[in-house]
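FYI, it's all coordinate maths here, none of it is from the lab. Everything numeric in this text was worked out from a predicted model, so none of it was measured. Using ideal geometry, Cβ is built from the backbone for each residue, glycine included, and neighbour counts are taken over all protein chains shown.
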Amino acid sequence: MPHIEPGSEQALIALEGVEKWYGTFHALKNINLSVHKGEKIVLCGPSGSGKSTLIRCINRLEDIQRGRIVVEGLTLDDSGKTVDAVRREVGMVFQSFNLFPHMTIIENCMLAPMRVRAMSKADARDIATKYLGKVRIGDQADKYPAQLSGGQQQRAAIARALCMEPKVMLFDEPTSALDPEMVKEVLDTMIGLARDGMTMICVTHEMGFARQVADRVIFMASGEVIEEAQPDEFFSTPRHDRTKAFLGEILAHH
Amino acid sequence: MASIGVNELLFLLQGLKWTIALAAIGFAGGGLFGLGVALSRVSTHAVLWRAGAAYIAVFQGTPLLMQLFVVYYGIGLLGVNVDAWIAVAIAFTLHASAFLGEIWRGGIQSVPKGQTEAGKALGLHYVSRMKDVILPQALKISLPATIGFLVQLVKGTSLAAIVGFVELSRAGQIVSNQTFRPLMVFAIIGAIYFALCWPLSLWGASMERRLAKSAR
């Protein structure tokens, strides 16, 4: 993959004036964000601030009422075709893993390449083996999700998303459901992915991870982007009171 | 008073054959259409959803006996001469699909939403999401209730006697009329139904235990 400096081309993902309501609840307010190839964004904020909703709009798990979302030059609309095209290029990792419990780990990884990319079984197996090795659970390939620890399950879920060779990875609180001793193995996997140049948008409260890999940290509250800065600046000199309050609370635990 | 001999027993077994055939037809037809009914009930398409709800309301809310009557004599009234087999197959399919559709709807809805979301996020289309991800889990959850319904269906086939089928119950009635030993005959009939349904019930119960265990 050729290395391209951020800003040297059209944004991979662009959100312009995005607004979302759940009934009368205003979940996202005038969100403007562009993400370039290779960029790593960390989204943080108190619960209910809209950060998960925001990334779920990017692969159309949620629809929006106003504004525009462009992924890889495709403007998301109601047509199934665009949604399919976008989802093919955008991988997602969930807080609760969402592995398919009735399939083995490798079958979990092979399903989408076979069904969506029309890959042969042998090719799908090769690619699944490759990515399971990459997240260091190649030896668990033939087990069922319930037989794995939480950390292993989440790494399997990362491998499953990678098997589609996406251009962007969305992480929705990937370590929040994990026991503390398993957080590190998942973060290490994500750091490895970041080093390989993957474009990533991560909703997480892991501030150590944010410091280490983020190009930008975005702080959200009440559906709005409150502050956006490089990690050093974000942690050392937060500008807004709400950011300061949030950091005070979250860093007190670490 | 005649005795119950080998011929009478063979006649009853002949009836049992039809009972099993009727249950199999009802279950196969009901399974096929029931899947359609279940999918319409979980669809986001308002028209489909309403149609599924109406279908279930009508066929769960009226007696099977009446449905058999309506289909068998109703089609005849339209001037179409239908074979009793076809009429019964249609009636049992309608009946079973309404019940199985509702059972499986519940199964589909009890699969966590995250499974659908993971499928969507991977780019899987509706058919693959259903066939590969949701239905295998939903059917497993629904298996005990499905088997329970199958037991009901086996016993419900006795109603087909109304349109002239000599299935197990009707065969028993005939033998009883010939031999004047109703108690004996219906004891045998009861035992045969029991031998058919009890293992199914046991199987359903053991499935339920296994599911409860694996859910932990």
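General observations
- Farthest towards the positive end of the charge dipole of chain B, among the residues B:Gly5, B:Phe194, B:Ala89, is the Cα of B:Phe194, using unit charges on the Cβ of Lys, Arg, Asp and Glu.
- Taken about its Cα centre, the protein assembly as shown carries a charge dipole of about 1180 debye when Lys and Arg each add +1 at the Cβ and Asp and Glu each add -1 at the Cβ.
- Listed from fewest to most Cβ neighbours within 10 Å, the set A:Leu74, A:Leu43 follows the order A:Leu74, A:Leu43.
- Shape class for the range A:67-141: prolate, because the ratio a/c of the largest to smallest gyration tensor axis (alpha-carbon atoms, square roots of eigenvalues) is 1.5 or more and a/b beats b/c.
- Dipole magnitude of chain B about its Cα centre (Cβ charges: Lys, Arg +1; Asp, Glu -1), debye to nearest 20: 740 debye
- Inter-chain Cβ neighbour average for residues A:96-107, partner chain, 10 Å: 4
- Where labels lie 7 Å past Cα in the beta-carbon direction, separation of A:Phe235 and A:Phe25 in nm: 3.2 nm
- Here's the list of aspartates and glutamates a cross-link from A:Lys40 could span, going by alpha-carbon distance under 12 Å and ignoring same-chain residues fewer than 8 apart: A:Asp196, A:Asp215.
- Shape class of the range B:158-202 from the Cα gyration tensor (axes a ≥ b ≥ c, square roots of the eigenvalues): oblate, since a/c reaches 1.5 or more and a/b does not exceed b/c.
- Set A:Lys37/A:Lys134; A:Lys29/A:Lys81; B:Lys17/B:Lys140 screened for pairs whose C-alpha atoms are more than 24 Å apart: A:Lys29/A:Lys81; B:Lys17/B:Lys140
- At R0 = 35 Å, FRET efficiency that the Cβ-Cβ distance of B:Leu65 and A:Gln65 yields, to 0.05: 0.10
- Sorted by Cβ neighbour density within 10 Å, fewest at the top, the residues A:Leu111, A:Leu132, B:Leu39: B:Leu39, A:Leu111, A:Leu132
- Longest to shortest principal axis, alpha-carbon extents of the range B:6-215, angstrom: 68, 48, 23
- Counted charge near A:Arg56, where neighbours are those whose Cβ lies closer than 14 Å (Asp, Glu -1; Lys, Arg +1): +1
- Extent along the principal axes, Cα only, for the range B:1-131: 73, 37, 22 Å, with the longest axis given first.
- Calculated translational diffusion coefficient of chain A (37 °C, 0.692 mPa s; Stokes-Einstein with Kirkwood radius over alpha-carbon pairs) equals 175 µm²/s.
- Over chain B, DSSP H runs of length four or greater, each weighted -39,500 (n - 2.57), average out per residue to a 222 nm ellipticity of -27000 deg cm²/dmol.
- Per residue, the convex hull volume that the Cα atoms of the protein assembly as shown enclose (Å³): 192 Å³
- Value at 222 nm in deg cm²/dmol, rounded to 500, when DSSP H runs of n ≥ 4 in chain A each add -39,500 (n - 2.57): -11500 deg cm²/dmol
- Whole-Å distance, taken between Cα centres, linking the range A:181-249 and the range A:87-122: 27 Å
- For chain A, built as a Gaussian network whose Cα springs stay under 10 Å, the top-fluctuating residue of A:Pro145, A:Pro231, A:Pro180: A:Pro180
- For B:Gly172, net neighbour charge (Lys/Arg +1, Asp/Glu -1) across residues whose Cβ lies under 13 Å away: 0
- Computed P(r) (all Cα pairs; the range B:106-210; 10 Å bins; percent): 14, 28, 21, 18, 12, 6, 2
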